[in-house]
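A short write-up of the structure that comes next.
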Amino acid sequence: MISRRELLALSGMSLGIFLTPEGFSVGKIFEKNNLKPTLWASITRDNYLILLVNKSEMGQGVYTGLAMLVAEELDFPWDRVRVRSAPAGDAYKDPKMGTQLTGGSTSIRHMHEFLRVLGASMKEMLIQSAMDEFRLRREQVKAQGGYIRFDGRAVPYGELWEKAVRLPLPTKPKLKEPSEFIYLGKNLPRIDAQEKVDGKAIFGMDVRMDGMVYAMVERAPFGSKPLSFDASQAKKVDGILDVFPISTGIALCGASVDALLEARRKLRVSWSKSSIEGLDDSSLEKLFFEALQKEGRVVERRGNTSQEWQRATKKLSTTYLLPYLYHATLEPMCCVADVKKNSCKVFAPIQAQTQALNAVKDITGLAEDRIEIITTYLGGGFGRKAHVGFVAEAVEISKKIGKPVKLIYTREDDVLSGYYRPMSVALVRGTLDEKGRVSSLYFKVAVSSGIDWASAQGLEDMPYQVPSLYVETLSLSPPIPVWFWRSVGHSHNAFILETFLDRLAKLGNRDPLDLRLELLKNNPRARRVLEITAEKIGWGKKQNVGLAYHFSFGSHVAQGVEVIFEKGEVKVVKVVCTVDIGPTVIHPDLVVSQMESGIIMGLSAFLVEKVRFSDGKPTTLNFDSYPILTMDKVPDIEVHVVRGKGPMGGVGEPGVPPIAPAVANALLWGYELEINRLPMSLYK
Amino acid sequence: MLELNINGRTYRLKVHKENTLLWVLRENLGLTGAKYGCGKGICGACTVLLDGDPIRSCITKVGSVLGKRIITIEGIPSDHPIKRAWVELNVPQCGYCQPGQIVEAYALLSKNPKASRQEIVSVMSSHLCRCGTYTRIIRAIERAQRLMGVKA
């Protein structure tokens, strides 16, 4: 049986924003190998392919990339493909992660086989259905461009679909050979572009329900909770419906955002003393550097770094400090929830549907099949929207007032809610042997606790074949919530590792490119991206250029930059990026745009980003105090996509890590600047 | 009752003059193309045109726009060269800031069709895009200039 939830999702009525062509049908579900075509796709009578995508579209182009896989194997016209978000549910869990989540640059990697098999199976079922209907032999029938063709006739898939889905699932659907591809590897138009330029794409912030009211929450500062509140004045504001405590603070409900903003100015809350009262940037710094004295967890140990340190004549030791970073999704957290006695409906821009479903179950006590969670477009994600606390809040508020609610975070609420990229400090030591080769690397990294497993990313698994390597991590726990931030640990550790290699090269009077290539002898993919990048950025011809390489999420990325440093200002003139995500590139231009995107976000972090603290609270509250990069600071970016041999890599995150060290390295060689702490604006 | 002229249509609605234009557009009129991003006029996601000039609707009182012509992203035709260029170059990523960017670019090219690269960057730098579509936005505006026949 198909559930009401699945039916709703398939018919697209939930949001009513997508074209809903005529003659929709849902056949029986095939229970085999988790491949149930009707759960994922349908072809309407008037020949539109409707796909349910289980990954969140947050800009990375996943609706386009995943739809291409199905359309390719099904052989279906691209302009008749429609995508909707899959609801939260077991059927839509990532087959490799066991949870419904968009993260870790995995969407294409985890879904491509499944979706190609889906498309190929649908095609074979359509062919079989035509053979049955028109009494044809296999060799008489061809499926192409959305039509079954035989004897000079062309029958649209949509006319056969209802019968086709009743057929048994093909046991071994034949996938196309790369030479047969009509879409894969081509730059098709993004499936979401037109509605996004028309302002018609529905983000979480744009969802409206009948009878919906608005809500905001006055949240407790980090390490604190509300003791009491006085809402008497706030409740007098025209349009305010109710003010009440929820688990994260004091909720306000009202008829408009304007009313809520006014009421918040009149709400009085007394908070408990914060456990980080008085904490500021310098005390945080002290806290972190002191933590480096403690014993941590050794995650990698080969050779003997302490022996090398004793023995070496050329050696270097330094420390790094990298700040808390804010995701700054242009769409702040928001969620629409409608909790009824026997059901609950949620529309939200989320990356973690399974977690949202669990949270809703906990709060409402409803069974899973009474809960419908629809993922809207995300106005940016970058990891932040994989934390679904804002969904829980909206559900809690709707349950309390018995109305559909749109919970909105103001920009200030969004910054103050935390879930930053962890702050980290590191002690790094390295040695060169008598030939100037890197003989040992030692890293001790202390991070703000919360996602500790990510703290050694990019160090424990570095591709450099260093004879002696030691990596130790430890965490400390100021009550500042941290979370995934586009490439997370890689964004720290690529900076530390890649800038340190250049300093070692300088110490040993070596070319940093040669020094790397030597450590990557057995890694032709890494060498190739470095060599191409070096050539294109003018390596060896200019002083003010820098290079960095990093392997993350299965992809090799090298970036080269040319910088000018004048009057304390860094101007990045040009960036060259070479990326190798493996032999199969579904949509080259989407890879390019993810590299551009990662470079700009990483450069922004390098130049200006830091969550600042004073008196136990962030003092960065909006884009005036937490600036992000603007167009006038953006360099020319040239991206080369190469196809190396090996497993497929991801693209959403790997563009971020190399840019900061590449710029720092250019400043080192061009201007003798050693950057040990970010952002660069601190050096002014 | 206030009267607003939006995208060539007249709307009569019961709101205070002190209410914010952005929220009136979004909540009262269902025109959700203009986005909330910062509430302080910094990010540009809420940009609409007032008598042809780009303004930040998140810091504009509805009382100050009476009798003036408002154009939102919904009022710019889908096949306008700017939108066509945007689609052709796959500019939008998450897409949230794009309505504001497009409205700003539309105003720029309406007033200064032959805007130079430098002029484009100087005007568009008042808009934030976290996905980093900046380089494509520049290319799209220059592409629109060619589609409009104002630049070779």
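Readers should treat all values here as calculations from the given coordinates under stated rules, not as data from a laboratory. Every value quoted in this text rests on a predicted model; they were computed, and no experiment measured them. Glycine gets a Cβ as well: all are built from the backbone with ideal geometry, and neighbour counts include every protein chain shown.
Can you bin every Cα-Cα distance in segment A:328-487 into 10 Å intervals starting at zero and give me the percent of pairs per bin, rounded to whole numbers?
Values per bin, smallest distances first: 10, 30, 24, 17, 11, 6, 2, 0.
Just to verify a number: FRET efficiency for A:LYS542 and A:THR319, C-beta to C-beta distance, R0 = 35 Å, to 0.05?
0.70
Per residue Cα convex hull volume for segment A:513-613, in cubic angstrom?
With only Cα atoms used, segment A:513-613 gives 137 Å³ per residue.
When a/c reaches 1.5 or more, the comparison of a/b and b/c decides; with that in mind, is chain A rounded, prolate or oblate per its Cα gyration tensor?
oblate
For a quick check: with amide H placed at 1.01 Å from N, whose amide H comes under 5 Å from A:SER256's, ignoring anything fewer than 5 positions away on the same chain?
Here A:TYR214 satisfy the definition.
What is the average number of partner chain Cβ atoms found within 10 Å of a Cβ in A:327-338?
On the way: counts 1, 5, 5, 18, 9, 5, 0, 1, 0, 0, 0, 0.
Neighbouring Cβ atoms belonging to other protein chains average 4 per residue here.
First measure r as the distance between the Cβ atoms of B:MET148 and A:GLU113, then evaluate 1/(1 + (r/R0)^6) with R0 = 56 Å and state the FRET efficiency to the nearest 0.05.
It comes to 0.80.
Can you work out the PRE-style zone for A:ASP624? Point 7 Å along Cα to Cβ, and I want the residues of segment B:26-51 with backbone N under 12 Å.
B:39-43
Around A:LEU316, what is the net charge, scoring Lys/Arg as +1 and Asp/Glu as -1 over all other residues with Cβ under 13 Å from its Cβ?
+3
If neighbour count is taken as other Cβ atoms inside 10 Å, put A:THR630, A:THR578, B:THR47 in order from fewest to most.
A:THR630, A:THR578, B:THR47
Could you tell me the relative contact order of segment A:387-505? Use alpha-carbon pairs under 8 Å, at least six residues apart, and round to a whole percent.
26 percent
Just flag the trypsin sites (Lys or Arg not before Pro) in segment A:189-279 sitting in loop per DSSP whose Cβ has no more than 15 other Cβ atoms within 10 Å. Please report the intermediate quantities before stating the final value.
Values: sites: A:ARG190, A:LYS196, A:LYS200, A:ARG208, A:ARG219, A:LYS235, A:LYS236, A:ARG264, A:ARG265, A:LYS266, A:ARG268, A:LYS273; in loops: A:ARG190, A:LYS200, A:ARG208, A:LYS273.
Passing both the DSSP loop test and the Cβ count: A:ARG208, A:LYS273.
Quote to one decimal, in nm, the extra length available between A:ARG265 and A:LYS236 on full extension: 0.36 nm per residue of separation minus the C-alpha distance between them.
9.2 nm
Quick one: net charge around A:ASP94, please, counting Lys, Arg +1 and Asp, Glu -1 for every other residue with C-beta under 11 Å from its C-beta.
So the environment of A:ASP94 carries a net charge of +4.
Going Cα to Cα from A:LYS236, which aspartates and glutamates come in below 20 Å? Please leave out same-chain ones fewer than 8 positions away.
A:GLU218, A:ASP258, A:GLU262, B:GLU18
Take the Cβ-Cβ distance between A:ASP210 and A:LYS521 as r, set R0 to 51 Å, and report the resulting FRET efficiency rounded to the nearest 0.05.
Working: r = 66 Å, r/R0 = 1.29.
The formula returns an efficiency of 0.20 here.
Computed over the Cα atoms of segment A:269-340, what is the convex hull's projected area averaged over all directions, in nm²? Write out the running numbers ahead of the final one.
Working: hull surface 47.3 nm².
Mean projected area of the Cα convex hull: 11.8 nm².
So how much slack lies between A:ASP132 and A:GLU531, counting 0.36 nm per residue of separation and subtracting their Cα-Cα distance, in nm?
Taking 0.36 nm per residue and subtracting the Cα distance, the gain is 137.9 nm.
What spacing in nm lies between the two simple spin-label points modelled at A:LYS294 and A:SER477, each 7 Å away from Cα in the Cβ direction?
The answer from the label model is 0.9 nm.
Mind giving me the nanometre distance, one decimal, between the label points for B:SER116 and A:ARG153, set 7 Å out from Cα along Cα→Cβ?
Taking the two extended label points, one gets 6.6 nm.
Three principal axis extents, largest first, for the C-alpha atoms of chain B, in Å?
Dimensions of chain B along the principal axes of its Cα atoms: 49, 29, 23 Å.
What lysines does B:LYS114 reach when the alpha-carbon gap must be under 19 Å and sequence neighbours fewer than 8 apart in one chain are set aside?
B:LYS83, B:LYS151
Starting from segment A:325-415, pick out the trypsin sites (Lys or Arg not before Pro) whose DSSP state is loop and whose Cβ has at most 13 other Cβ atoms within 10 Å.
Details: sites: A:LYS340, A:LYS341, A:LYS345, A:LYS361, A:ARG370, A:ARG384, A:LYS385, A:LYS399, A:LYS400, A:LYS406, A:ARG411; in loops: A:LYS340, A:LYS341.
Counting only loop positions with at most 13 other Cβ atoms within 10 Å, the trypsin sites (Lys or Arg not before Pro) in segment A:325-415 are A:LYS341.
Which ordering of A:MET58, A:MET648 is given by a fewest-first count of other beta-carbon atoms within 10 Å?
On the way: A:MET58 29, A:MET648 17.
Placing the least packed residue first, the sequence is A:MET648, A:MET58.
Describe numerically, in nm with one decimal, the distance between label points set 7 Å from Cα along Cα→Cβ at A:ARG166 and at A:LYS225.
Each label point lies 7 Å from its Cα, and together they span 6.0 nm.
Going down the list A:LYS55/B:LYS35; A:LYS403/B:LYS61; A:LYS314/A:LYS645; A:LYS93/A:LYS345; A:LYS315/A:LYS521; A:LYS266/B:LYS14, which pairs span over 26 Å between their C-alpha atoms?
Numbers: A:LYS55/B:LYS35 23 Å; A:LYS403/B:LYS61 29 Å; A:LYS314/A:LYS645 37 Å; A:LYS93/A:LYS345 19 Å; A:LYS315/A:LYS521 23 Å; A:LYS266/B:LYS14 24 Å.
As for pairs spanning more than 26 Å Cα to Cα, those are A:LYS403/B:LYS61; A:LYS314/A:LYS645.
Under a Cβ-Cβ cut-off of 11 Å, what is the net charge of the residues other than B:ILE6 that fall near it, where Lys and Arg count +1 and Asp and Glu count -1?
Net local charge, B:ILE6 excluded: +1.
Expressed as a whole percent, how much of the Cα-Cα distance distribution for segment B:2-75 exceeds 22 Å?
Counting pairs separated by more than 22 Å, the tail of P(r) holds 8 percent.
Over the Cα atoms, compute the radius of gyration (one decimal) and Dmax (the largest Cα-Cα distance, rounded to a whole number) for segment A:554-684, in Å.
Computed over the Cα atoms of segment A:554-684, radius of gyration and Dmax are 16.2, 53 Å.
Equivalent ellipsoid semi-axes for segment B:81-147, as square roots of 5 times the alpha carbon gyration tensor eigenvalues: give them largest first, rounded to whole Å.
Values for segment B:81-147, descending: 17, 13, 10 Å.
Grab the Cα-Cα distance for A:GLN465 and A:LYS273, subtract it from 0.36 nm times how many residues apart they are, and report the gain in nm with one decimal.
64.1 nm
What's the Cα-based Rg to Rh of segment A:213-281, Rh via Kirkwood?
When Rh is taken as the Kirkwood radius, the ratio is 1.04.
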